[in-house]
């Protein structure tokens, strides 16, 4: 039995535009982000979607809700799909962090799997909670086509886990705002195929 997951990153926020670390901060979509979400909704309007899930953060929920309106569905929010917690780095740029903290982004990137920002999460912690959340959703939605709207860090971490890639290489996977990724699961969760990756064709229309 096939279960299709349309995995989507949220639309743009002002913090995305300013290159600030957002993490668990509840930042809303920018005007551009809302427009991106509307284009995404048009793209997915003709799909037969059974359920729509999102992170509990506003930027993901707003994006998911634009899609849900086209299908007369309610968005189901899942705490476990929230973006990585960057702790004390949140709201700051790369340069600001490297100037103010002894433990810099460059140092973290040498071992993001086990190391974590001050008062934040490691990639391993992110992987554990997000894969648990996704597997719970897939189990409940076996045989269905669903949309899951989350965050760049979450999606890259999930893809590394599902495709058996090294987690410390997740930064090599690009995720643009409202990018569409399609995963197909067979025989429950035993086999998975990545059918589409980081597609933003709808933004060019």
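Any residue that is under 30 Å from residue 110 (Cβ atoms), modelled with pLDDT of 95 or more and surrounded by fewer than 19 Cβ atoms within 10 Å (Cβ to Cβ) - is there at least one of those in the stretch 195-204?
Looking for residues that are under 30 Å from residue 110 (Cβ atoms), modelled with pLDDT of 95 or more and surrounded by fewer than 19 Cβ atoms within 10 Å (Cβ to Cβ), one finds at least one in the stretch 195-204, hence yes.
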Within the stretch 98-111, does at least one residue satisfy the condition of being buried (at least 18 other Cβ atoms within 10 Å of the Cβ) and at pLDDT 95 or above? no
Looking at the stretch 169-191 only, could you name the residues that are touching a helix residue (DSSP H, G or I) at 6+ places or on another chain (Cβ under 9 Å) and surrounded by fewer than 17 Cβ atoms within 10 Å (Cβ to Cβ)? 169, 171, 172, 174, 176, 188, 189
How many residues are surrounded by fewer than 18 Cβ atoms within 10 Å (Cβ to Cβ) and in contact with a helix residue (DSSP H, G or I) (Cβ under 6 Å, 6 or more places away or on another chain) if we restrict to the stretch 40-69? 2
Enumeration of residues in the stretch 112-144 that are touching a helix residue (DSSP H, G or I) at 6+ places or on another chain (Cβ under 8 Å), surrounded by fewer than 12 Cβ atoms within 10 Å (Cβ to Cβ) and within 20 Å of residue 162 (Cα to Cα): 114, 132
Looking only at residues that are assigned to a loop (DSSP other than H, G, I, E, B) and touching a strand residue (DSSP E or B) at 6+ places or on another chain (Cβ under 6 Å) in the stretch 17-47, which one is nearest to residue 149 (Cα to Cα)? 27
Inside the stretch 70-90, the number of residues satisfying the requirement of being within 30 Å of residue 109 (Cα to Cα), out of contact with any strand residue (DSSP E or B) (no Cβ under 6 Å at 6 or more places or on another chain) and surrounded by 15 or more Cβ atoms within 10 Å (Cβ to Cβ) is 9
Within the stretch 81-99, the residues that are more than 21 Å from residue 13 (Cα to Cα) and in contact with a helix residue (DSSP H, G or I) (Cβ under 9 Å, 6 or more places away or on another chain) are 98
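The values are calculated or read from the model by the stated rules, or taken from the named source; none is laboratory data. These numbers were taken from a predicted model, which means no experiment stands behind them. So basically every Cβ, Gly included, is an ideal-geometry build from the backbone, and we count neighbours across all protein chains shown.
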